[in-house]
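Read through the structure below, which is laid out as structure tokens, and then see the notes.
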Ligand SMILES: C[S@@+](CC[C@H](N)C(=O)[O-])C[C@H]1O[C@@H](n2cnc3c(N)ncnc32)[C@H](O)[C@@H]1O
């Protein structure tokens with residue numbers, strides 16, 4: 001019995017190592033190909049997304065959605081709006097537009113908006129190439145999206161372009177932990193989460209936010225440095 005348990009554990013371990021190695025060997029793809037893969041993944045995941053994300057919300061993000069949406073003012077764009085889980089928390093006076101690369105996720109956001117009676121313009125779109133004129137929003141919001149967008153630095157540059165001078169970028173994201181043991185675990189897991197879920201664990205949005213010319217007004221880390229809340233302003 002003990003031998004059987006031991007050999008099952010060994011098989012499990014070998015399987016895990018094989019999966020990790022296979023994930024690391026992934027052939028490089030262009031951002032356009034990766035964006036298409038992400039769209040397909042979220043189109044398939046959509047019916048299960050709300051159920052799946054609840055545990056992470058409870059363990060990591062707490063009142064993060066309420067916090068992020070409460071920062072919004074005026075014309076607001078949410079990129080990667082998904083199934084619209086932030087919709088209940090936006091102030092009523094905010095004029096909201098949401099884009100997402102996945103039509104299936106957006107369909108659920110549409111249903112949620114209907115149930116909440118929340119006016120929102122929802123469009124299929126790519127955060128890396130926004131279909132809006134320069135300086136057309138007062139606020140851009142992203143929650144848990146920069147981890148999946150293939151080129152997050154380009155998405156942040158696009159956010160800067162569509163924001164009016166003085167407009168704000170609001171982020172709630174899971175990021176690379178500054179704590180070495182936690183970061184090592186993230187490094188081990190990342191090839192698997194990227195391969196299976198297009199979810200990057202080691203990203204550092206602050207780098208792209210500063211590089212895009214934003215002035216960081218507020219930044220908070222919590223949960224072993226895994227969760228970041230950030231407010232940044234586009235200079236006047
Ligand atoms: C982890 S989900 C987060 C959804 C939502 N923001 C939330 O807080 O629940 C990531 C979302 O980003 C979207 N996404 C990924 N790449 C995108 C892109 N290039 N442009 C727009 N949306 C994208 C996905 O379709 C998905 O809905």
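The stretch between residue 93 and residue 33 holds 17.8 nm of extra length on full extension. This uses 0.36 nm per residue minus the Cα-Cα distance. Each stretch of four or more DSSP H residues adds -39500 (n - 2.57); spread over every residue of the chain, this sum gives -14500 deg cm²/dmol at 222 nm. Between helix 31-56 and the chain there is an angle of about 80 degrees, using the helix long axis and the longest principal axis of the Cα atoms. A Förster radius of 22 Å, combined with the Cβ-Cβ distance separating residue 40 from residue 118, puts the computed FRET efficiency at roughly 0.20.
In this rough spin-label picture, where each label sits 7 Å from Cα along the Cβ direction, the residue 187-residue 110 distance is 4.5 nm. Once the chain from residue 132 to residue 180 is taken as fully extended at 0.36 nm per residue, the excess over their C-alpha distance is 13.2 nm. Against the chain, whose longest principal axis comes from its Cα atoms, helix 103-116 is set at around 60 degrees.
What is the calculated FRET efficiency for residue 195 to residue 62, with r their C-beta to C-beta distance and R₀ = 22 Å, to the nearest 0.05? E(calc), rounded to 0.05, equals 0.15. Using R0 = 45 Å, the C-beta based FRET efficiency linking residue 236 and residue 202 works out to 0.85. Axis of helix 180-197 versus longest Cα principal axis of the chain: the two differ by about 80°, to the nearest ten degrees.
Only Cα pairs under 8 Å and 6+ residues apart enter the sum, and on that basis the relative contact order of the chain stands at 18 percent. Ranked by the mean number of other Cβ atoms within 10 Å per residue, highest first, peptides 218-230, 110-122 order as 218-230, 110-122.
The simple spin-label model puts a point 7 Å past each Cα toward its Cβ; for residue 222 and residue 53 those points are separated by 1.7 nm.
All of the numbers you see were taken from the coordinates with simple rules; none came from a lab. Here the structure is a predicted model, which is why all the values come from computation and not from measurement. Note that we place each Cβ from the backbone using ideal geometry, even for glycine, and neighbour counts take in every protein chain shown.
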